[in-house]
1. Leaving ligands, DNA and RNA out of it, report the carbon-plus-sulfur percent of the accessible area of the chain at a 1.4 Å probe.
2. Using a 7 Å offset from the Cα along the Cα-to-Cβ direction at both residue 35 and residue 10, what is the distance between the two label points in nm, to one decimal?
3. In a shell of Cβ-Cβ distance under 12 Å around residue 26, excluding residue 26 itself, what net charge do Lys and Arg (+1) and Asp and Glu (-1) give?
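The values are calculated or read from the model by the stated rules, or taken from the named source; none is laboratory data. All values derive from a computational prediction rather than experimental measurement. Neighbour counts run over all protein chains shown; Cβ positions are idealised from the backbone, glycine included. For the accessible areas, the whole protein counts, side chains as well, though only heavy atoms, and no ligand, DNA or RNA atoms are used. Shrake-Rupley method; radii C 1.70, N 1.55, O 1.52, S 1.80 Å.
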Amino acid sequence: MLDGQIATIRSVINPEKLGHLGPVADAWAVDREVRQARNQKQ
């Protein structure tokens with residue numbers, strides 16, 4: 001916490017534990033595409 005506020009939220013994606021939900025996306029690829037799209041708007 002930073003001055004009583006949440007500073008960072010982290011998560012772990014384990015495809016083995018999420019298998020019952022169906023195919024799991026490549027989170028790094030999604031993040032990369034979002035960042036590229038944001039940079040193109042600027």
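1. Details: 2390 of 4570 Å².
In the chain, the share of accessible area belonging to carbon and sulfur is 52 percent.
2. For the pair residue 35/residue 10, the computed spacing is 1.7 nm.
3. Values: positive: 32; negative: 31, 33.
Net charge in that neighbourhood comes out at -1.
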